[in-house]
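I have placed the structure first, in the form of structure tokens, so that the comments after it can refer back to it.
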Amino acid sequence: MSEEIIRNWKKKNMSKEKRIVSASMLASDFSQSGKEAKAVAEAGTDWLHVDVMDGVFVPNITVGIPFVEAMKSTVTIPLDVHLMIVQPEKHIHAFAKAGANILTIHCENNPNIHFTLMEIRRLGVRPAVAINPGTPAVMVEPILPMIDMVLVMTVNPGFGGQKFIPETLAKIRQIRQWSDERNLNLNIQVDGGINGETAGLCADAGANVFVAGTAIFGHPDGYAAGIRALRGNATPAANTGNG
Ligand code: DX5
Ligand code: ZN
């Protein structure tokens, strides 16, 4: 019992200290991507999240290798590249060369995922695996020791601005438990509908990396305020003097 209390205490304190924010460029103004990337880096995001979609694995098409290259030459923070494409193994070399620091591939369409993850590591890039809302946590269990991060999708991938799916919290809890029991020290990332409030729910469940597009690029008080809210220390709303 006391061990459980200590574990919960550690988890709570860790998640508060170490929230990593990854700003999703999908919600930025694409007519000025370089400017947007610089602005969000200056506003304090830890990583830059690039969503690569192929119109096959997900019903949307976004950006590819040249965009990652362009981001690499624009900012110095880590590039967190989320591949929502079929046959990612065909493209990991090109994304590594373009400057990706973290490469996340999905487990739903990858019969040879073990091999692809080894290859990502061999290329000097940090490997991560994503699971969709309809995919059970057990799908990633056998590969946990070989990755740096699990991305628990908190919406169905394909579009920004969707509503957080609360049923995904149980999977975050389960994966954090496996990580603690096996001393894996995994990063657990959440992506989709993440704002100050849902980030808090996910942090309590054991997540420590928070991807957000709308909550940063669409924050009424600017990018830095959006990032602060995700870290759990939003500036209280200004007193309007009405009360
Ligand atoms: C969705 C993408 C997300 C998306 C999140 O498929 O993987 O990274 O940009 O957008 P928000 O934060 O607006 O839900
Ligand atoms: Zn993403």
- Task: Could you tally the net charge around ASP80, taking each other residue with its Cβ under 15 Å from the Cβ of ASP80, Lys/Arg +1 and Asp/Glu -1?
- Result: -1
- Item | Counting DSSP beta bridges with both ends in region 3-231, the antiparallel % (nearest 5) | 5 percent
- Message: Given Cβ point charges of +1 (Lys, Arg) and -1 (Asp, Glu) and nothing else, what value in debye, to the nearest 20, does the dipole of the chain about its Cα centre take?
- Response: 440 debye
- Query: For the pair ALA94 and LYS72, how long in nm is the line joining their label points, each one 7 Å along Cα→Cβ?
  - Reply: 1.3 nm
- Karplus couplings for region 113-118 from phi (6.51 cos²θ - 1.76 cosθ + 1.60, θ = phi - 60°), rounded to Hz, Gly and Pro as x? 4, 4, 5, 4, 5, 4
- Task: May I ask you to sort GLU119, GLU181, GLU141 by Cβ crowding, counting other Cβ atoms within 10 Å and putting the fewest first?
- Result: GLU181, GLU141, GLU119
- Note on the structure: For VAL21, the residues 5 or more places away or on another chain with a placed amide H closer than 5 Å to its own amide H are ASP46, TRP47, PHE210
- Task: Have a look at the chain and give its Rg and Dmax from the Cα atoms, expressed in angstrom.
- Result: 17.5, 62
- Note on the structure: A chain fully extended from LYS163 to GLN87 at 0.36 nm per residue, minus the present Cα-Cα distance, gains in nm 24.6 nm
- Task: Evaluate Rg over Rh across region 102-200, taking Cα atoms for both radii and Kirkwood's formula for Rh.
- Result: 0.96
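Laboratory data are not the source of any read-out in this text; all were calculated from the coordinates shown. Just so you know, these numbers come straight off a predicted model, no measurement behind them. With ideal geometry, Cβ positions are generated from the backbone for all residues, glycine too; neighbour counts draw on all protein chains shown.
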